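Since every read-out is calculated from the coordinates, none of them should be taken as a lab result. Source: prediction; values computed, not measured. For neighbour counting, all protein chains shown are included, and Cβ atoms are generated from backbone atoms with ideal geometry for every residue, glycine included.
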Amino acid sequence: MQYEDTGLYIGGEWRPAISGAFIPVENPATGQQIGQVAKASTDDLDLALTAVQAGFDLWRRTAAFERASILRRAATLIRERADRIAEILTLEQGKPLTEARTETLLAGDVLDWFAGEAQRTYGQLIPARSPSVTQAVHKLPVGPVAAFTPWNFPINQTIRKLAAALAAGCAIIVKGPEETPASPAALVQALADAGVPAGVVNLVYGVPAEISSYLIPHPVIRKASFTGSVAVGKQLAELAGRHMKRTTMELGGHAPVIICDDADVQAVVALFSAFKFRAAGQTCISPTRFLVHRKVHDEFVEGFIAGARNVKVGDGFDPATRMGPLINLKRVQAVQGMVDDAVAKGAKLETGGRRIGDTGYFYEPTILTGLDPAMRIMNEEPFGPVALVSPFDELDAAITEANRLPVGLGAFAFTSSARTAHRLANEIESGMITINHIGMGLPEVPFGGIKDSGYGSEGGSDAIEPYLVSRFVTSQPG
Ligand code: NAD
C-alpha cells in the first residue's frame, strides 16, 4: 500500500521543513520505516504563527452559518474518503482496519456536531437598571489556538480540537503525532478542500517539547489544548499558567470497572473481551482495574481469560485481526516493565505477559490477578493490553479502591440494582461513568476528566465554551 510522506501545512500550503529535516515513520506491525514527516524548527513555527494570526483575522469575521456549512462539507468529504483514510491510519498506527474506519467515520459526526454548535454560540441580554440601557454578553472566539494531539486516536483526538476551535471562530496550529502523521494530514486536507481558508488550520510536526515551549508562551497564541500523559499535561499547564493562557487538558486515566454480584457476568465478559483490547489498550479510558465481587470473581476471571486468549493479534489489514501492535518499542518496554514489576511483587499472570515475536510491536492480551496497591501497574497507566482483576466483598471497598488514585477519567460499573447504580454514579470520582453498557466518547456527550486527568470537556454542549470568551457590552442611545 502506498504511503506518502507528510509535510507541514502552513498558510494553506504543504511544504517541507525549512531546514529540510525529517523524522522517520514506522509501521508498528513490521517495525519497518514506511515514510517520513517534516520536522519543524522555530523558523517554520514563526511562519505558522504569522499564518494563524492572519487566518484568525479572517475566520472570526466569517459568519457562523458559513463556518458551519464548511465544517459539514468537510464531514461529507471525510465520509467519502473514509476507506482510504482508514488504510493510512492502520498502516501507521497498527489498529485493525474496522477500528480505523469507525474512528474515521466518527470524525464526520464530530464535525457535524460542532457545525451545529457554531450556530448556537448564544450570548445573553441582561435586564438593566435603567430602561435606556442595553446590557449584552457577546460570545467571541478566544483567538489562535495551539493544540497537541497523540498517536493512539490520531484522527479522533485531532478532529475534536480542530472542530471545536473552528466552530468557535478560532484559527489553530495543531502539533500532530509524529508516529502517525499522515492520517491527521488527510483530515486537514479534507478541511482545506471543504473551503477552510488558508491560515485557519495549520499542521506541524517536530520535537514535541520544542514546539510546545515555543508556541504556548508566544503572544499570538491565546489558548492551548493537550491530550497526552498527566506528567506532560502538568508541565504544559504550568507553562500556560505562567503566560496566562487558557488550557484544555485531556490526560491519562486508570479506569476502574466495578462488577457487582448481581451483574450479568457473561455479558460483561463478552463486552470487555473486545473493548479492553481496542487500540491494543492504548486508550485513556481503557478499562484497567477490574474490581469484581468475590461471589462472581472466579467466573469472571475464567471467562475473561478465555476471551483474552481468543483475541486474534496481528496486522490490522488482516480481516481476522482483533488487536494490532503497540505503537513502538518504547511502549512494549514500558508495558513489560510494569508487568514484570507486578509479577516480581507476587501478582499472578493468568494469561499473556510477553511480547509476541520480534517483528513489529505485538504484545499478548494480558490478565493479572493477586494484585497489590504497592505494584507500579496499580498506580501507573499501563496504556497497553493489560487488565488487572481484584476481588471485593463490600461495595464500600470497591468505591475506595476506585477512588484511590489521583486520576479520574473514565469508569465502568455493572449491576442490576438501581440503588447500587445510583450510588456508583454519585460516588465514583471520574469525569465519565458508563453503567451496564459502554457508552463514552460520542461527539454529543461530554468527554473529559477530573482530578489529575485534567479539565475541559471535548464533547457535548460544554465543548465549544473553552474556545470562547465573553465580552460584556453595555450601551444606551447617545
Ligand atoms: P509521551 O509522554 O512521550 O507522549 C505522549 C504524547 O504527548 C505524545 O503525543 C507526545 O507527542 C506528546 N508530548 C510529549 N511531550 C510533550 C511536550 N513537552 N509538549 C507537547 N507534547 C508532548 O509518551 P508516549 O510513550 O508517547 O505515550 C505514553 C503515555 O502517554 C501513556 O502512558 C499515556 O499516559 C499518555 N498518552 C495519553 C493519551 C491520551 O489519550 N490521553 C494518548 C497518548 C499517550
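Below, the figures for the structure above:
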item	result
Mean ellipticity per residue at 222 nm, deg cm²/dmol - from DSSP H runs of n ≥ 4 across the chain, formula -39500 (n - 2.57)	-12000 deg cm²/dmol
About the Cα centre, charge dipole magnitude for segment 204-294 (Lys/Arg +1, Asp/Glu -1 at Cβ), debye	400
Convex hull per residue volume in Å³, alpha carbons only, for the chain	152
All-pairs alpha carbon distance profile, segment 113-272, 10 Å steps from 0, percent	9, 31, 27, 17, 12, 3, 0
Assigned charges on the beta-carbon of Lys, Arg, Asp, Glu; the chain dipole about Cα centre (debye)	1220
Total formal charge among the other residues, if their Cβ is under 10 angstrom from that of Arg246, Lys/Arg +1 and Asp/Glu -1	+3
Cβ-based exposure ranking for Arg79, Arg376, in which fewest neighbours within 10 Å come first	Arg376, Arg79
Dipole axis of the chain (+1 Lys, Arg; -1 Asp, Glu on Cβ), positive-most option in Thr180, Val145, Val296	Val145
Phe362, Phe290 arranged by Cβ crowding within 10 Å, fewest neighbours leading	Phe362, Phe290
DSSP-defined beta bridges in segment 255-442 - what % are antiparallel, rounded to 5	15
Residues whose placed amide H lies under 5 Å from that of Val174, excluding near-sequence neighbours	Ala147, Asn202, Leu203, Val204
Long-range amide H partners of Phe22 with built H, under 5 Å	Lys39
Sorted by Cβ neighbour density within 10 Å, fewest at the top, the residues Tyr122, Tyr455, Tyr363	Tyr122, Tyr455, Tyr363
Alpha-carbon spread of segment 255-442, three principal axes, descending order, Å	50, 36, 29
Antiparallel bridges, percent of DSSP beta bridges restricted to the chain (to nearest 5)	45
Dipole of the chain [Lys/Arg +1, Asp/Glu -1 at C-beta], most positive-end residue of Pro477, Ser41, Pro28	Pro477
Within segment 255-442: Cβ-based charge dipole about Cα centre, in debye rounded to nearest 20 (Lys, Arg +1; Asp, Glu -1)	440
Cα lying deepest toward the dipole's positive end in segment 255-442, options Gly408, Ala421, Ile356, charges on Cβ	Ile356
Eligible lysines near Lys139 by straight Cα distance, threshold 30 Å, same-chain separation 8 or greater	Lys161, Lys175, Lys223, Lys234, Lys245, Lys451
Net charge over other residues, Cβ less than 10 angstrom from the Cβ of Leu97 (K, R count +1; D, E count -1)	-3
